[in-house]
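Novice: Here's a structure for you.
Just so it is clear, none of the values below were taken in a lab; they were calculated from the coordinates. Values in this document were obtained by computation on a predicted structure and should not be read as measured data. All Cβ positions, even for glycine, are placed from backbone atoms using ideal geometry, and neighbour counts span all protein chains on display.
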């Protein structure tokens, strides 16, 4: 978890209460790297979910700002647009994953979770 929360291996090691050399050594082990990859994937999925939760509010903000001739809320519009754009990208990625899963299923092979 420290590797997900800190910008360098050294800082992550310090936060975990271990020597940086130990963490570098662990990073050489495939199982450790696989667990780190899974943790990163989970964190990313949770972040996408949070972005998607804001979509309704972003759309409402856009409509409110667009309908308010008096408000020069360019910063709010930009923030709302950013959320919508990110949700759109996330949706595209989910569709690509679904198509890939369908292709894998049709081919009878399982490429998920590093299995080949």
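Novice: List the helices (runs of 4 or more DSSP H) inside segment 1-53, counting only whole elements, that have at least 2 residues being within 30 Å of residue 87 (Cα to Cα).
Specialist: Filter on segment 1-53 gives 2-5, 30-53.
Novice: So if I check each of 16, 47, 12, 39, which one is under 22 Å from the mean Cα position of the chain (by Cα) and surrounded by 15 or more Cβ atoms within 10 Å (Cβ to Cβ)?
Specialist: Sole residue among the options that is under 22 Å from the mean Cα position of the chain (by Cα) and surrounded by 15 or more Cβ atoms within 10 Å (Cβ to Cβ): 12.
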